[in-house]
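In what follows, a single structure is set out as structure tokens and then discussed.
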Amino acid sequence: MRKYFVAVLFCVLQIGLKTAELPSVCPEIVSKRSWNASRPVGIDYLILPVKNIVIHHTDSKECLTKEDCATLLQSIQNLHIGHMDFHDIGYNFLIGGDGRVYEGAGWHKVGAHTKGYNSRSLGIAFIGDYSSKLPSTNMIEAGKSLLKCGLEIGEIHLNYVAFGARKVGATGNRPSGELKTWPNCSYLLCYLAYILMGH
């Protein structure tokens, strides 16, 4: 029993260190507390490091300031918990038009973004509707920085694969084409995502 307790304590301390001391490659990550998130209804943990990264868009209006993004995130979280019966906001991270990364479910937690992949992937969503245009350059760079950060802190597997979600009304054509240029986007998977999303 004591060994089990020590192992759990070690894991908790490691998780705390990872979130408290992020390396310089990490982008600014706006915490859930900073955007006044509600407490999650429940939490499940991922097995690390994660090998799949699923890129989405929120299919909503865009936000260009920290205040507007906070309001929009609260609305998305309320929708996900109150009407979709998720434990929390579905995405692990969201990227605003202000170029900031916003904590959703966060590192090492199971999200609710891609049926069949939630327990083995991180979901990253660009805030806005990108079915006919690309997210801004600063949003795309923030997404790439977030992936570098995840690699650096051991949340993301060195051989991860990034791909676009295929979900009617929830993933646009343009981000999936952009994905083909991202590191670790398997050519086959990214090409399929690009084709399947109607491009």
Subset of segment 67-101 (residues that are on the phi > 0 side of the Ramachandran plot and either touching a His at 6+ places or on another chain (Cβ under 6 Å) or in contact (Cβ under 8 Å) with a residue 40 or more places away in the chain (or both)): Gly99
Scan segment 134-161 residue by residue and report those that are among the polar types (S, T, N, Q) and under 17 Å from Ser31 (Cα atoms). Ser145
Could you please find all residues in segment 78-97 being closer than 17 Å to Asp129 by Cα, of a type outside the set (A, V, I, L, M, F, W, C) and crowded, with 21+ Cβ neighbours inside 10 Å? Gly90, Tyr91, Gly96
Top-ranked residue in segment 50-93 [being in contact with a helix residue (DSSP H, G or I) (Cβ under 9 Å, 6 or more places away or on another chain) and acidic (Asp, Glu); ranked as farthest from Tyr117 (Cα to Cα)]: Glu62
Per the filter on segment 27-42, residues out of contact with any Ser or Thr (no Cβ under 7 Å at 6 or more places or on another chain) and crowded, with 16+ Cβ neighbours inside 10 Å are Ile29, Val30, Lys32, Trp35, Ala37, Pro40
Would you check which residues across segment 23-68 are aromatic (Phe, Trp, Tyr) and in contact with a Leu (Cβ under 8 Å, 6 or more places away or on another chain) and list them? Trp35
Filtered residue count, segment 102-128, keeping only those that are buried (at least 24 other Cβ atoms within 10 Å of the Cβ) and either among the aliphatic types (A, V, I, L, M) or free of Cβ contacts under 8 Å to residues at least 12 places away in the same chain (or both): 5
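Coordinate-derived values only; no laboratory data. Note that the structure is a prediction, hence the values are computed from the model and not measured. Cβ atoms come from the backbone with ideal geometry, glycine included; neighbour counts cover every protein chain shown.
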